[in-house]
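Just below is one structure, and these are the notes that go with it.
The values are calculated or read from the model by the stated rules, or taken from the named source; none is laboratory data. Fair warning: this is a prediction, and the values are worked out from it, not measured in the lab. Note that each Cβ is placed from the backbone with ideal geometry, even for glycine, and that neighbours are counted across all protein chains shown.
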Amino acid sequence: MDCYLFIDFGSTYTKVTLVDIDKEEIVATDKAYTTVQTDVTIGLNNALDRLFTKVKDDVRIVKKLACSSAAGGLKIIAIGLVPELTAEAAKRAALGAGARVIKTYSHNLNNSEVLEIKNSDVDMILLAGGTDGGNSECIMHNAEMLAKHEIDVPVVVAGNKSCADNIVEIFQDKVEYYITENVMPNLKSINVEPARETIRSIFMRQIVNANGMENVEKSISGILMPTPASVLKAAETLSLGTKDEDGIGDLAIVDIGGATTDIHSIGEGAPSRAGVYLRGLEEPLAKRTVEGDLGMRYSSLSVYEAAGSKVLKKYLDIEEYDLEYEFTKRHEHTSFIAETDKDIRFDEAMAKVCADISMKRHAGVVEEIYSPLGTILSQTGKDLMELPYVIGTGGVIVNSKNPQAILEATTFTMDDPTSLKPRKPEFLIDKEYVLSAMGLLSMVDKSMAVRMLKKYIVKCGGNTNGIKE
Amino acid sequence: MEKKTVVLGVIGSDVHAVGNTILDYSLTNAGFNVVNIGVLSSQEDFINAAIETNADAIWVSSLYGHGEIDCRGMRENCEEAGLKDILLYVGGNIVVGKQDWDVVHKTFKDMGFDRVYPPGTSVEEGINDMKKDLGIA
Ligand code: B12
């Protein structure tokens, strides 16, 4: 049978997924420990050995595609001019490219900031600043600074097009640079796609330098992207569909991990009520936010900090626990697996806190402005009130006995009356962990990816018949 | 000659949008690059927009009568943000009711606005003044 093979090099596991092209179904999946320290192909081959012991038929692999978040994923520093404008647009572009944004800088950089950048272990820098034809001093100053300090990671330049030539001159023979379209060509609009593409193509070249990756690169069919980027791609594909295959419409994906919680939303997020004025930067249709302080293990202490006892109390009988002890335990033993009923309840409450706060930060807010005429409503960010679907992925949600309860924490309550969180979404689960593989599939056969996503993303508490009953 | 850039918007909690649309249209026709930030714009919104777009002038409209409060400190804030010589114009119905125009005019001039317009000013007047001020007339 003809198959596609999808590989996901994760920080802990290398996962492999074999898909039957004719039947459009998953033949088998398996995983083995990722081996970045030595040679990633070892872990990959271990996973493949396991996978193929399960497969009886003759398999002809037509295409192999991979995504990776190994070795900490893709780490980016974003630089812009005004914090709320080009610096924010650069940050959004980097997040959408599947990166971890280590830090965002704005305005003219000083020496100590550039030293900080130089001493960080980032993989790439995204340099923006100025609308097209707008401010050019800042981005040129910052380019000069990066060149002066001999920054030795690639710099993606996505700022004012009018000074692209000057920047080429500044960087020539000093810094590895890539000029792409401005992330904010004019004030009211953002343009993240070209920067995302450029980042992805550099990522591909860079990751190949990881131990053993050159061997993998030879054997895969070319597409290699950061895992979060392929999840976002899958989300977009499932939402929008293709001209042959209907998508399911607006949706959000909640991915609670050990270190971070990611939210991906696909949808315009236009006001769901009449007479609301929009404020702030335009929102990307496919938006990803990452909360570095919300995660089940590495970030457990910061979850405690972000939640405080007020939010925790919503989800947990805090009298029952020594909170300090529980959070520290998870932080110090990141491979801790909750087994007792008490620990499981604690983990689930933590997951709810992550879901709650991360969606609150992802969704927009509506503020009331008082005027002599009465109140006027102004919205910043996406309105997700009428969002039809929230999809859960990641171990805590997928392995939970009650995933719906975790996902319900993403919904609107009167605790945050100004938040535009989803009000009554339907909850779906990525039971078979297909999202990253389907993001890769959508790069080769989008309609097939839509059909398979509909089949493998299931209703919470439902059977395995997929989204359509 | 390169187009001059004007940031245009209605300041404060003011939603009067009609005049803003007309100003956008007329300024664009007169050959300016208009960055229209629309209604409900704070001083910070004007200033941020002017920084990123390297604007030559800011046109503030205020129609609902609270212009004085909304515009207070704007020149200082511009200077703080590095917008040294940017032109600041204000117009609309910038104060409540019919007050002595000389007093109103002086108040806004003292606040650092280069041009202050009474209700009913034609767009052309503002445009001609700006061409003069920018040395392109
Ligand atoms: C339509 C209207 C509304 C609509 C606005 C709809 C919308 N989204 O646009 C609604 C019903 C929402 C409304 C609400 C209010 N309004 Co009203 N509204 C008007 C009205 C009738 C017309 C405004 C208009 O569109 N004019 C047409 C445009 C083309 O003219 P313009 O806005 O003046 O702009 C021109 C010039 O002023 C000039 N200009 C403007 N800015 C600048 C800047 C520069 C640099 C230059 C050179 C020129 C310039 O050029 C523009 C284009 O020609 C006026 C009365 C009037 N006839 O002007 C009242 C008026 C502006 N409103 C008024 C008031 C008080 C209010 C309210 C506070 C309560 C109320 N009584 O209704 C609320 C405030 C809401 C808020 N938070 O903003 C008062 C303001 C009084 C004052 N300043 O002393 C007015 C003058 C009515 C009055 N005589 O009492 N309003």
Task: Inter-residue pairs, beta-carbon under 8 Å, first within 14 Å of chain A (Cβ to nearest Cβ) and in region B:91-118, second part of a helix (DSSP H, G or I) and within 8 Å of the ligand (Cβ to nearest atom), 6+ apart - done: B:93/B:67
Open item on the list: For region B:123-137, give me each residue that is more than 7 Å from the ligand (Cβ to nearest atom) and either assigned to a helix (DSSP H, G or I) or within 14 Å of another protein chain (Cβ to nearest Cβ) (or both).
Closed with: B:124, B:127, B:128, B:129, B:130, B:131, B:132, B:133
Open item on the list: If a residue counts only when it is more than 22 Å from residue A:240 (Cα to Cα), which strands (runs of 3 or more DSSP E) contained entirely in region A:317-436 have at least 1 such residues?
Closed with: A:365-371, A:374-380
Open item on the list: So, in region B:75-122, how many residues would count as being surrounded by 18 or more Cβ atoms within 10 Å (Cβ to Cβ) and within 13 Å of the ligand (Cβ to nearest atom)?
Closed with: 15
Task: Every residue from region A:157-175 that is in a loop (DSSP other than H, G, I, E, B) and free of Cβ contacts under 8 Å to residues at least 12 places away in the same chain - done: A:172, A:173
Task: In region B:44-79, the residues that are away from every other protein chain (no Cβ under 11 Å), at pLDDT below 95 and under 23 Å from residue A:129 (Cβ atoms) - done: B:77, B:78, B:79
Open item on the list: Among the listed residues A:167, A:125, identify the single one that is farther than 19 Å from residue A:112 by Cβ, surrounded by 23 or more Cβ atoms within 10 Å (Cβ to Cβ) and more than 14 Å from every other protein chain (Cβ to nearest Cβ).
Closed with: A:167
TODO: Any residue in region B:5-20 that's more than 24 Å from residue B:53 (Cα to Cα): show its pairings with residues that are within 8 Å of the ligand (Cβ to nearest atom) and not in a strand (DSSP E or B) at Cβ separation under 7 Å, as long as the two are six or more apart or on different chains.
DONE: B:16/B:63; B:16/B:64
- [ ] Look at residue A:152 and say whether it is away from every other protein chain (no Cβ under 14 Å), more than 30 Å from residue B:7 (Cα to Cα), touching a helix residue (DSSP H, G or I) at 6+ places or on another chain (Cβ under 7 Å) and not hydrophobic (A, V, I, L, M, F, W, C).
- [x] no
Open item on the list: Just to verify a result, which residue in region A:76-122, among those that are under 18 Å from residue A:171 (Cβ atoms) and within 14 Å of another protein chain (Cβ to nearest Cβ), is surrounded by the most Cβ atoms within 10 Å (Cβ to Cβ)?
Closed with: A:90
Task: region B:20-34, residues that are surrounded by 15 or more Cβ atoms within 10 Å (Cβ to Cβ) and closer than 14 Å to residue B:125 by Cβ - done: B:23, B:26, B:27, B:30
- [ ] Tell me which residues, restricted to region A:379-404, are aliphatic (A, V, I, L, M) and at pLDDT 95 or above.
- [x] A:384, A:385, A:387, A:390, A:391
Open item on the list: I'd like the residue in region B:8-33 that is more than 14 Å from chain A (Cβ to nearest Cβ) and within 6 Å of the ligand (Cβ to nearest atom) and, out of all such residues, is nearest to residue B:130 (Cα to Cα).
Closed with: B:23
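For every residue, the table says whether it meets (1) on the phi < 0 side of the Ramachandran plot; (2) buried (at least 19 other Cβ atoms within 10 Å of the Cβ); (3) aromatic (Phe, Trp, Tyr).
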residue: A:274; (1), (2), (3): yes, no, no
residue: A:278; (1), (2), (3): yes, no, no
residue: A:284; (1), (2), (3): yes, yes, no
residue: A:292; (1), (2), (3): yes, no, no
residue: A:300; (1), (2), (3): yes, yes, no
residue: A:304; (1), (2), (3): yes, yes, yes
residue: A:308; (1), (2), (3): no, no, no
residue: A:317; (1), (2), (3): yes, no, no
residue: A:320; (1), (2), (3): yes, no, no
TODO: Return yes when residue A:413 is away from chain B (no Cβ under 14 Å), farther than 30 Å from residue B:12 by Cβ and free of Cβ contacts under 8 Å to residues at least 24 places away in the same chain and no when it is not.
DONE: yes
Open item on the list: Let me spell it out: the conditions are (1) at pLDDT 95 or above; (2) among the aliphatic types (A, V, I, L, M); (3) out of contact with any Asp or Glu (no Cβ under 7 Å at 6 or more places or on another chain), and residue A:376 meets all of them except one. Which number is the exception?
Closed with: (1)
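Restricting the search to region A:1-33, which residues are hydroxyl-bearing (Ser, Thr, Tyr) and in a strand (DSSP E or B)?
Result: A:4, A:13, A:14, A:17, A:29, A:33.
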Task: Selected residue (only one of A:335, A:358, A:378 is crowded, with 22+ Cβ neighbours inside 10 Å, at negative phi and out of contact with any helix residue (DSSP H, G or I) (no Cβ under 8 Å at 6 or more places or on another chain)) - done: A:358
- [ ] Can you confirm whether region A:52-68 contains a residue that is surrounded by 15 or more Cβ atoms within 10 Å (Cβ to Cβ), touching an Asp or Glu at 6+ places or on another chain (Cβ under 7 Å) and more than 26 Å from residue A:292 (Cα to Cα)?
- [x] no
TODO: Name every residue in region B:52-70 that is of a type in the set (A, V, I, L, M), more than 8 Å from the ligand (Cβ to nearest atom) and crowded, with 20+ Cβ neighbours inside 10 Å, in order of residue number.
DONE: B:55, B:57, B:58
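Against the definition (closer than 23 Å to residue A:134 by Cβ, more than 15 Å from the chain's Cα centre (by Cα) and among the β-branched types (Val, Ile, Thr)), how does residue B:127 come out, yes or no?
No: the conditions fail for residue B:127.
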TODO: Could you list all residues from region B:70-96 that are within 19 Å of residue B:122 (Cα to Cα) and small (Gly, Ala, Ser)?
DONE: B:91, B:92
Open item on the list: If a residue must be closer than 19 Å to residue A:101 by Cβ and either in a helix (DSSP H, G or I) or touching a residue at least 24 places away in the same chain (Cβ under 8 Å) (or both), how many such residues does region A:283-308 contain?
Closed with: 15
